1. In what order do Asp73, Asp89 fall by count of nearby beta-carbon atoms within 10 Å, going from fewest to most?
2. For Val78, enumerate residues with amide H under 5 Å from its amide H, sequence gap 5+ or separate chain, H modeled in the peptide plane.
3. Taking Cα pairs under 8 Å and at least six residues apart, what relative contact order does the range 40-125 come out at, in percent?
4. Counting other C-beta atoms within 10 Å, which of Ser53, Ser75 has the fewest, and how do the rest follow?
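Rule-based calculations on the coordinates, nothing more; no lab input. Please read these numbers as outputs of a predicted model, since none were measured by experiment. Counting neighbours? That spans all protein chains shown, and the Cβs are built from the backbone with ideal geometry, glycine included.
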Amino acid sequence: MFNWLTGGIAGVVEKIATEWIETDKEKAEAQAVMLKTLDPNGLMRRQISKTVSILYVIYILIALILLIIQAFDLSPLVVRNGLEQPAVDIALTTIKELFTPITTLFGIIVTASFGVNMTNSIKNK
């Protein structure tokens, strides 16, 4: 009976101790579960890339429409700084100023998404 009592207590203490001790494997598993919780199967990352791509296409289409309007001189004149300017010229100037930052950010977002996807694919092999 004494052996059962000491073995039972020792077994309980051993189980408690093993629960308190964290290994590197357990930490890695916990981090993987957390990442899966935040972005299951990369769904959020793919959705962000898709949305950014759609918005970039809209930006390019608006720029092309404004260029067509300017090419056929269909824009009304606007007085700006004492000068008459076609309204489309003002819009095109703004679009040209925004082209580099918007294109750069588009490239960064999409490249990061593909980079994460590639990294995850390599890890899974």
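1. By the 10 Å Cβ count, ascending: Asp73, Asp89.
2. Under 5 Å from the amide H of Val78: Gln85, Ala87.
3. Working: 37 pairs, mean separation 28.7, N = 86.
Contact order relative to length: 33 percent.
4. Least crowded to most crowded, the residues run Ser53, Ser75.
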